[in-house]
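Just so it is clear, none of the values below were taken in a lab; they were calculated from the coordinates. The shown structure was predicted, so the numbers you read here are calculated from the model rather than taken from an experiment. So basically every Cβ, Gly included, is an ideal-geometry build from the backbone, and we count neighbours across all protein chains shown.
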Amino acid sequence: MKRHSFLLLSWLTISLFGILMVYSAGYIKMIVSDRSPYMYIFEQIFIIIVIFLIITIVMPRTKKFYYLMKSLSVYIFGLSFIFLVLVLLIGEEREQAKMVIDFFFFDFQPMEFYKIAVILYLSFIFGELDYEPDINDLFKKLLFPLSGIILIILQPDLGGALIILGVILLMLFYNGQQVKHLLYLFLIFFTVTIPILFLTMSEYQIQRIHTWLNPFIDAGGNGYQIVQSFIAISNGGITGSGFMNSAQKAGFLPVVDSDFIFAIIAEELGIIGVLFTISMYFIIAYILFKIGINAHERFGMLYCFGISSVILLQAFINIGGVTGVIPMTGVTLPFISKGLNSFVFMSFGLIGAMIISKETYRLERKKHKKQIKA
């Protein structure tokens, strides 16, 4: 099976698994709120069909769309940056953060768009270089991407900011940047952002850190969410309580269809479900790395490495928060948690990798045919 076909199959598998788990996790909440529990299934299947149709349109024309990816990358990034500014000016506050622009028929989260746009931008900028930039040149090229992180911190969305910072550093590492330059960049950035963090950090976010350090001190108050998550995970055992049979989703564990959906997976499907979920992320990341390694240009390599990094980092931060390894940040579980913005933009990130894979395959076949004729 070709790599882009394998990636498509993996995307479909984890997306359909996500639909089932969100349906199970949110079933009671939907019934209590007098809404159809099947509504999300229909909505998500419709979105998957639309994305699948886009893939069928794009894949036969990879030469054209690969060129568009490269030529429009700076403009796409610029648009995403403008939206980050706009959300601070006209955005609506959700979960104590100004992170959503209301477009009447749907809520748009610029940060999810920015995650993919910054990968596209850096892939183009560094893919075109034929030299290793020094620290001054590097900082100039990263001025806008790092400024975008500051805008995200101002929302405030520390989880999203950490993911994007991690992706930027990893992409520079993949590009062969000297480690000392990465350390300089890291120190300069944190020297600027730490005062902003202290000024913008709300009491709610500070309390999250205290809760993470010792959730059982106030298990009925601030530590309630994470303690209920621990209970759900511990209930799962090896095989779980069974699909739809979670006890914690019945009013005990909040945000079960989004932030804490991994706890429901652990409770209902046990260690088997946990290993399946984690394995799917590593399979997708492995395919992306293989596509990147075999890409015919550095642009494609950096892009695929960047997309794999954002998926793994986001999965780690979500799972780490739910299991108490790191403080809870409200980051969604890629392709599984309920959330239109995250799912759509992550899926478009994978479509970009499919385009790169198919274009590399097309060029390899073309080269092979020439060799046969010669």
Review point. What is the dipole size for segment 3-373, taken about its Cα centre, with +1 at each Lys and Arg Cβ and -1 at each Asp and Glu Cβ, in debye to the nearest 20?
Key: 1880 debye
Exercise for review: Starting from one equal scatterer on each C-alpha and no solvent at all, send me the Debye-based log10 I(q)/I(0) for segment 57-182 at q = 0.10, 0.15, 0.21 Å⁻¹, two decimals.
Suggested key: -0.36, -0.76, -1.18
Revision key, fill the gap. Label model pair residue 282, residue 191: point-to-point distance (7 angstrom along the Cα→beta-carbon line) in nm is 4.0 nm
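For residue 241, what is the net charge nearby, where nearby means another residue's Cβ is under 14 Å from its Cβ and Lys, Arg count +1, Asp, Glu -1? Walk me through the intermediate numbers first.
Details: positive: 249; negative: 267, 268.
Summing Lys and Arg as +1 and Asp and Glu as -1 gives -1.
So, counting K/R as plus one and D/E as minus one, what does the shell of residues with Cβ under 14 Å around residue 324 add up to? Let's see the in-between values first.
Values: positive: 208; negative: 259.
Taking every Cβ under 14 Å from that of residue 324, the sum is 0.
Please give the calculated 222 nm ellipticity per residue for the chain, where each DSSP H segment of at least 4 residues contributes -39500 (n - 2.57) and the sum is spread over every residue; nearest 500 deg cm²/dmol?
Working: 13 runs with 272 residues, N = 374.
The helix contribution divided over the chain gives -25000 deg cm²/dmol.
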Check your understanding: Under a no-solvent Debye model with one identical scatterer per Cα of segment 159-300, what's log10 I(q)/I(0) at q = 0.08, 0.09, 0.15, 0.18 Å⁻¹?
Key -> -0.37, -0.47, -1.00, -1.08
**Study point:** Within straight-line cross-link reach of residue 115, aspartates and glutamates at Cα separation under 18 Å, skipping those fewer than 8 residues along the same chain
**Key:** 107, 157
Check your understanding: Can you give the relative contact order of the chain as a percent, counting alpha carbon pairs under 8 Å and 6+ residues apart?
Key -> 24 percent
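Where does the charge balance sit around residue 160 when Lys and Arg score +1, Asp and Glu -1, over other residues with C-beta under 14 Å from its C-beta? Write down the numbers at each step before the final one.
Details: positive: 94, 98, 115; negative: 95, 112, 157, 259.
Neighbour charge sum, excluding residue 160 itself: -1.
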**Study point:** C-alpha center-to-center spacing [segment 94-140, segment 253-268] in angstrom
**Key:** 29 Å
Check your understanding: Which residue, 46, 126, 189, has the most motion in a Gaussian network model of the chain that connects Cα atoms within less than 10 Å?
Key -> 46
Study note, to complete from the structure: Unit-weight point scatterers at every alpha-carbon of the chain, Debye formula, q = 0.06, 0.15 1/Å: log10 I(q)/I(0) is -0.24, -1.44
Revision key, fill the gap. Check: C-alpha center segment 320-373 vs C-alpha center segment 3-35, spacing in Å is 17 Å
Revision key, fill the gap. Quick note, segment 263-374: a/c under 1.5 would make it rounded; otherwise a/b > b/c is prolate and the rest oblate (a ≥ b ≥ c, C-alpha gyration tensor); here it is prolate
Point to revise | GNM top mover of 131, 67, 23 - the chain, alpha-carbon springs below 10 Å | key: 131
Check your understanding: Please report, for the Cα atoms of segment 37-114, the Rg to one decimal and the Dmax as a whole number; what are they, in angstrom?
Key -> 16.2, 44
Practice item. Past 27 Å, Cα to Cα, is the threshold; run 63/338; 70/290; 29/98; 64/338; 290/369; 2/373 against it and keep the listed order. Key: 63/338; 64/338
